[in-house]
Amino acid sequence: MTDHRRITGRLVIATHNPGKLAEMRELLSPYGIDVVSAAELALDEPEETGKTFQANARIKAIAAANATQLPAFADDSGLCIDALDGAPGIFSARWAGPMKDFNTAMARIERLLQERDVHEPEQRRAYFVSALCVAWPDGHLEEVEARVDGTLVWPPRGDAGFGYDPAFLPDGHTRTFGEMTSIEKHGLPPHGLGLSHRAKAFVQLAKMCLR
C-alpha cells in the first residue's frame, strides 16, 4: 500500500492562469492551507514539453517546488474532442494563442468540426481532462487524473467559468460549464456536485493528502 504524504503549511499553486487559480483556491480553502501562486511569486513558467497531461502537471509542480523549496500543486488540463482525434488535448491553452483568446479557439474548433461535416450532438462528443500533481522539494510526488464527458455546443453559452467552458455541455445537464456558478461546476459536497474534471481529480487528491 502506497504511503501518501499529507499537505501541510504553505503550498505554491503552480499556475499563472487566473481562472485555474481561483478554482484551486476555492477547492483548497476548507483545508486551511496557506496558498500562494507562482504568478504572485513571479516564478517563470516552465516549458511544457510533456506528451501527456500528467507529464506537464509534473513539470510545472517540480519546477515550482525546486524554485521555492515549498510543496507545489499543479494542474494540467484540456479539452479532447473525439471528432478531432483528441485535439486540442494538451495543446488546449496554446490554441488560444498568447493573448489567451478562447473565443477564437472555440471558433477554430467549430470551423474544424464543420469541415469534417460534424453537426449532430452524438458526433460532437468531447471530454475535459485534469491531471493534478503535488511535488515536494525532496522529489516526492502525489499524482491523480480525472475526466468529465460531454458534448460541444455552438454557439457557446454563458460567460461564467473560463477557457472552453461555454462550449462544453456535461452529460446529464442542460447548461454548459459557462452557464454554471462556480459552486455548481466545481463545488464539493455538500454544497456542490464535484462535477468538473478538476473537482473530480481534487476529490481523489484530498483523500490521499488532505484528510
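The values are calculated or read from the model by the stated rules, or taken from the named source; none is laboratory data. Quick caveat, the model's predicted, so the values are computed rather than measured. Virtual Cβ from ideal backbone geometry, glycine too; neighbours counted across all protein chains shown.
Of Ala22, Ala67, Ala42, which residue is out of contact with any His (no Cβ under 7 Å at 6 or more places or on another chain), small (Gly, Ala, Ser) and under 21 Å from Ala96 (Cα atoms)?
Exactly one residue qualifies, and that residue is Ala22.
Looking at Gly50, Gly78, which one is within 15 Å of Leu132 (Cβ to Cβ), modelled with pLDDT of 95 or more, under 14 Å from the mean Cα position of the chain (by Cα) and not basic (Lys, Arg)?
None of the others qualify; the one that does is Gly78.
Quick one: would you say Arg198 is surrounded by 17 or more Cβ atoms within 10 Å (Cβ to Cβ), of a type in the set (Lys, Arg) and assigned to a helix (DSSP H, G or I)?
Answer is yes for this residue.
Identify the residue in the stretch 78-118 that is among the small types (Gly, Ala, Ser) and not in a helix (DSSP H, G or I) and, among all such residues, is surrounded by the fewest Cβ atoms within 10 Å (Cβ to Cβ).
Among residues in the stretch 78-118 that are among the small types (Gly, Ala, Ser) and not in a helix (DSSP H, G or I), the one surrounded by the fewest Cβ atoms within 10 Å (Cβ to Cβ) is Gly97.
Kindly indicate whether any position in the stretch 119-134 is among the small types (Gly, Ala, Ser), part of a loop (DSSP other than H, G, I, E, B), closer than 21 Å to Ile13 by Cβ and in contact with a helix residue (DSSP H, G or I) (Cβ under 6 Å, 6 or more places away or on another chain).
No, every residue in the stretch 119-134 fails to be among the small types (Gly, Ala, Ser), part of a loop (DSSP other than H, G, I, E, B), closer than 21 Å to Ile13 by Cβ and in contact with a helix residue (DSSP H, G or I) (Cβ under 6 Å, 6 or more places away or on another chain).
Which residue, of Asp75, Asp3, is more than 30 Å from Gln123 (Cα to Cα) and either outside any loop (DSSP other than H, G, I, E, B) or without any contact (Cβ under 8 Å) to a residue 12 or more places away in the chain (or both)?
The match here is Asp3.
With the condition kept exactly as written, say whether any residue in the stretch 94-107 is of a type in the set (A, V, I, L, M, F, W, C), free of Cβ contacts under 8 Å to residues at least 40 places away in the same chain and touching a strand residue (DSSP E or B) at 6+ places or on another chain (Cβ under 6 Å).
Yes, the conditions are met somewhere in the stretch 94-107.
Mind checking which residues of the stretch 163-191 are touching an Asp or Glu at 6+ places or on another chain (Cβ under 9 Å), buried (at least 21 other Cβ atoms within 10 Å of the Cβ) and assigned to a loop (DSSP other than H, G, I, E, B)?
Residues satisfying the conditions are Thr176, Met180.
On the basis of being on the phi < 0 side of the Ramachandran plot, modelled with pLDDT of 95 or more and either part of a loop (DSSP other than H, G, I, E, B) or small (Gly, Ala, Ser) (or both), does Pro155 make the cut?
yes
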